[in-house]
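Read the structure below first, then the notes.
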Amino acid sequence: YYKKVEPLTRPDPGLLALAATPVVCDRNGIPLRLLTDERWFRHVPMPEDKIPVLVQQAFLAAEDSRFYRHPGFDPLAIIRAARANSRAGHIVSGASTISQQLVKSYKKRGPRTLDAKLQEIIESVRLERLLTKEQILSAYLNRVDLGNNLLGVETAALCYFGKKATALDPVEAATLAALPKAPTLFDPWGRHPERLISRRNWVLDRMTSLGWLSPAAALTGKQSDLMVLLEPPWEAPHLVDNYIAENRERGLTTEARLTVDLNLQREVERTLKSHRLRLHASGARQAAAVIIDNRTLEVLALVGSFEYSARAHGFVNGTKARRSAGSTLKPFLYATAIDQGLTPATVLADVEKAFRSDEGEYLPLNYDRQANGPVNMRLALGKSLNLPAVRLLDHLGEKGVYSLLRGLELLPANAPGIDYYGLGLAVGNPEIRLLDLAAAYATLANGGEFQPPVVVLGQQPAVPRRMISREAAFLITDILADPLVRSSHLQNLQMPEPVALKTGTSTHYRDAWAVGFTRRYTVATWVGNFDGSVTATLPGGQGAGPIFRDLMKNLYPGEPPAPFTPPATITTRRICSMSGLTPSPGCRELKIEYFVLGNEPAVQCGLHNGEGNHELPTDYAQWLKRRHTEGRESRYRLAGYSPNLDAVFVSTTWPQPQIYAGPVQISGEDHSNAAGPTTEIHITYPLDNDRYILEPGQESLTLRLEAKVRNPIERIVWFVDTKELGVAGPPYTFIWNAGRGRHRVQAADENGYGEMIEVTVE
Ligand SMILES: [Zn+2]
C-alpha cells in the first residue's frame with residue numbers, strides 16, 4: 001500500500017518538553033515537596049548537560065546498550081524479540097530502543113499492531129536524523145515514566161530518594177533504571193520489593209559487563225537493601241503550605257529554594273515531639289517553634305504543630321496563629337522607657353494600684369500575686385513583674401509602646417487603636433504570632449534594627465528600619481541575659497549562656513511562650529491548645545522553657561554562644577542598688593550597672609544617711625503597712641516619719657465623736673488657691689465627679705478611700721458630707737460604706753487643710 005510521506009521537520013519542542021511541575025526545596029536543595037499537575041503527575045525537568053553520566057549509563061545498560069550504535073531501531077534486538085514473541089504466540093517484548101520509547105511517549109497510544117510498531121521505527125529513524133544522540137537521551141530521561149505518576153529521572157530521584165539525580169549512587173541509579181520496563185510491577189512503594197531488587201541487580205550486572213561499574217562495586221550494590229522514601233517528600237509542611245498560598249497568584253517558580261535547613265527542621269520537629277507527653281500531662285496538646293538567623297532574618301526552621309495531621313488541630317500553623325502575648329511584649333515597653341531616658345537602675349514601684357479605663361477599674365496583679373515594693377527596672381523586667389510594668393506604661397503613656405509594637409509588625413496592619421488595648425499593652429493583651437515575635441526579638445539582637453523574616457532564599461531582604469536605639473537594644477538584651485534576675489525554674493534549665501530569654505503566660509495558662517536569642521540565632525517557642533482551651537497551670541517558663549533550652553543546646557553543641565558586647569555609647573557606674581543613684585557613705589549595697597553615656601545618675605542617694613534604713617516615699621505606705629502587719633521585718637521606713645513603724649501604722653479608728661468641727665479647707669481642682677497649707681493632701685481614690693451605679697437591690701457600696709500626702713503627716717481625717725468618718729495614718733486609706741446620693745468626700749490634716757471631691761452613687 002501507499003503511505004503519505006510527511007516532510008522531515010523537527011519534532012515540536014512542546015511535544016518533547018513536558019510542562020514542569022514546581023518543586024520546593026530547602027536551602028541546600030533537598031526537596032521539601034513536589035507539586036503535581038492537574039492530572040496528579042509530577043515532572044521536574046533536568047537540562048541536557050546536567051544529567052549525570054552514571055544515570056545515563058544505568059538506563060542505557062537496562063534499556064538500550066547499543067543506543068550509540070544503532071540508527072534509531074535495533075535490528076538485533078528486534079530479531080531476538082521476534083523469536084520470543086513467536087514462542088509466546090503474542091507480543092511480550094517491545095524490543096524498543098530508547099529512541100522508539102521516546103517516540104512512543106509523545107505519540108498517541110494506539111493498538112500495538114505490527115503497523116504501529118513499523119510507524120514507530122520510521123519515526124525513530126526520522127528523530128535520529130533531526131536530533132543528536134545526546135538530545136534524544138536527554139529527552140527520554142526527562143520523560144520516562146518511572147511509576148507513581150513520576151516522569152523523568154530527576155522527579156523520581158527526588159521522590160524515591162529525596163535527592164537530586166546528580167547525587168545518586170550507582171545502586172540508586174540502577175534502581176531507577178530498573179523501573180521503565182514495568183513501572184507498576186517494580187513499584188518501589190509496592191508490595192514486592194524483591195522483584196525490584198532482582199531487576200536492579202540485573203542492571204548492576206549489565207553495567208559491570210559493559211565496563212561501566214567495577215565488579216566489586218556491583219557486588220556491594222547487589223547486597224544492599226532497597227532504601228527508598230516512604231512517600232514523596234512532605235517536609236516542613238506548614239512552611240511550604242504558606243509559601244504556596246502566598247505565591248500561587250504570582251505563579252510558582254519551577255524550583256523554589258526556601259531558607260529552611262531541612263536537617264535543622266527535622267531536629268526541631270524531634271525536639272518538640274520529645275516534649276509531647278510531658279506537655280500533654282499538663283493539658284497542652286500543641287506546640288510550635290521558629291528559629292531565625294539574626295544576620296539575614298532567614299527562617300532556618302519553622303514547625304507549626306507537633307504533627308501535620310487532624311490530631312489536636314495539627315493542620316493549624318502555630319507560628320502564624322494569633323495568640324495572647326502574655327509577658328513577651330514587656331521588653332519593648334522597657335526599651336521605650338530607656339529611649340525616653342529611664343535606666344536599668346530606675347526604681348519602679350511594685351505595689352498594687354488600681355488604674356482606670358473606659359472599661360472600668362483595672363487592678364493588675366503580679367504573676368505570683370506578691371508585691372515587692374521598690375524594685376529597679378532590671379529586676380522588674382527580669383522577674384517580669386506586672387505591677388511596675390503597668391505603672392510604667394501609665395507613666396509613659398501607651399502611644400510610644402503602641403507605635404513600637406506596630407513598627408515591629410507585632411500588631412496587624414488593621415489592629416485596633418490604642419484605646420482598645422490601654423494599659424493591657426504592658427501585660428500582653430494583644431494577640432501576636434510566633435513568627436512575628438521571633439523577628440521582633442531578632443531586632444533586639446540586631447541592635448534595634450528591624451527586618452521582617454525571610455523564607456525564600458535569595459529574596460531581596462527589606463531595608464532595615466531602626467525601631468529601638470542601639471543603646472536600649474543592648475540594655476534590654478543585657479537584662480534578658482542576666483541569669484541573676486531570672487526566675488528560679490529558668491535558672492535551673494541549664495541554658496547555653498549567654499542567651500537572652502523572655503517567657504510569657506497568658507490568662508488561665510492558655511499560652512506558654514519562651515522566646516530569646518544569642519547573637520547569632522533567635523528561637524521562639526509556643527505551647528498551648530489551638531482551640532484555646534486552658535492548660536493545667538502551665539507557665540511559660542515551665543511549658544515552653546525546656547523546649548527553648550533544648551533547641552538552643554542543639555544550636556550550640558560545642559562552643560558556647562558569643563558574648564553580647566555593649567556599644568561604645570554604653571558605660572558602667574557603681575551605684576546604690578536600692579536607689580539606683582550615686583552612692584553616699586551610708587549606702588551599704590552597691591553594684592555596677594550599665595548606663596547610656598550621658599545618662600548616668602547625677603544625684604547622690606539620700607535614702608541611706610541614718611541608721612542603715614531604706615527610706616521610701618509615701619507611695620509605698622500601703623505596701624509597707626501590709627508587710628509590717630504581716631510581721632515581715634525589714635529596713636524599709638517611710639521617709640519623714642518615725643522609724644518606729646508601729647507608731648506610724650496605728651490601726652485606723654472608726655467613727656468617733658467629731659474631733660474637728662471647723663470648716664474644711666477645700667483645695668479641690670484648684671490647688672493654688674489653698675491658702676498657706678504646710679501639708680498638701682491629695683485624694684487619689686475616688687476621683688472627683690466619679691459616678692457609681694448600684695446593682696438592682698443593692699443599697700450601698702463599699703469604697704476604699706485613698707489619699708496621698710506631699711510632705712510627711714502623721715494622721716489625716718476623712719469626712720463625708722462634713723461628718724467625720726475617721727482618722728487614718730499612713731497609708732491614709734479608709735473604708736466607706738456609701739449610700740445613694742451625691743456625697744462630698746474630704747480629707748484634711750489637723751489644721752483643716754486638705755482636699756474635697758464629689759462622688760455620686762445612683
Ligand atoms: Zn543608697
| query | Relative to the longest principal Cα axis of the chain, at what angle does helix 330-339 sit, 0 to 90 degrees, rounded to 10? | reply | 60
| note | If R0 = 56 Å, then Ser403 and Thr184, at their Cβ-Cβ distance, give a FRET efficiency to the nearest 0.05 of 0.35
| query | How big is segment 677-720 by Rg and Dmax over its Cα atoms, in Å? | reply | 14.0, 45
| remark: Once Glu249 and Ser224 are pulled to full extension, the length gained, defined as 0.36 nm per residue separation minus their Cα-Cα distance, is 4.5 nm
| Expressed as an acute angle from 0 to 90° and rounded to the nearest 10, what is the orientation of the C-alpha long axis of helix 470-480 relative to the principal long axis of the chain? | 90
| said: Please give the charge dipole size of segment 257-338, origin at the Cα centre, charges +1 on K and R Cβ atoms and -1 on D and E Cβ atoms. Round to the nearest 20 debye. | reply: 300
| note | Here segment 13-223 gives, from Cα atoms, an Rg and Dmax in Å of 17.0, 55
| message | Helix 398-407 against the longest principal axis of the chain: what's the angle in degrees, Cα atoms only, rounded to the nearest 10? | response | 10
| task | Only Lys, Arg, Asp and Glu count, each charged at its Cβ (+1, +1, -1, -1), so figure out the dipole size of the chain about its Cα centre, rounded to 20 debye. | result | 4000
| request: Within segment 300-330, find all residues whose amide N lies under 20 Å from a label point positioned 7 Å from the Cα of Glu431 along Cα-to-beta-carbon. | output: 304-306, 312-330
| Along the charge dipole of segment 13-223, which of Tyr140, Gly72, Gly221 sits closest to the positive end, that is, farthest toward it, with unit charges on the beta carbon of Lys, Arg, Asp and Glu (+1, +1, -1, -1)? | Gly72
| note | Cysteines of the chain without any disulfide-compatible partner (other Cys Cβ under 4.7 Å) are Cys25, Cys159
| remark: Summing -39500 (n - 2.57) over every DSSP H run of at least 4 residues in the chain and dividing by its residue count gives a helix-only mean residue ellipticity at 222 nm, to the nearest 500 deg cm²/dmol, of -9000 deg cm²/dmol
| the chain: C-alpha gyration tensor shape, a/c 1.5 cut-off, then a/b vs b/c | prolate
| task | Quote the FRET efficiency, to the nearest 0.05, computed for Ile592 versus Ile735 with a Förster distance R0 of 60 Å and r equal to the Cβ-Cβ distance. | result | 0.85
| remark: So, relative contact order of the chain in percent, Cα under 8 Å, 6 or more apart, is 9
| task | Give the residue from Gln119, Phe41, Phe59 lying farthest towards the positive end of the charge dipole for segment 13-223; charges sit on Cβ (+1 for Lys and Arg, -1 for Asp and Glu) and the dipole is referred to the Cα centre. | result | Gln119
| By its C-alpha gyration tensor, with a ≥ b ≥ c as the square roots of the eigenvalues, how is segment 451-537 shaped: rounded for a/c under 1.5, else prolate for a/b larger than b/c, else oblate? | oblate
| Relative contact order [Cα under 8 Å, 6+ residues apart], segment 671-761, whole percent | 36
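Read-outs throughout are calculated quantities, based only on the coordinates presented, and are distinct from any laboratory measurement. Values in this document were obtained by computation on a predicted structure and should not be read as measured data. Quick reminder, even Gly has a Cβ in these numbers, built from the backbone with ideal geometry, and neighbours come from all protein chains shown.
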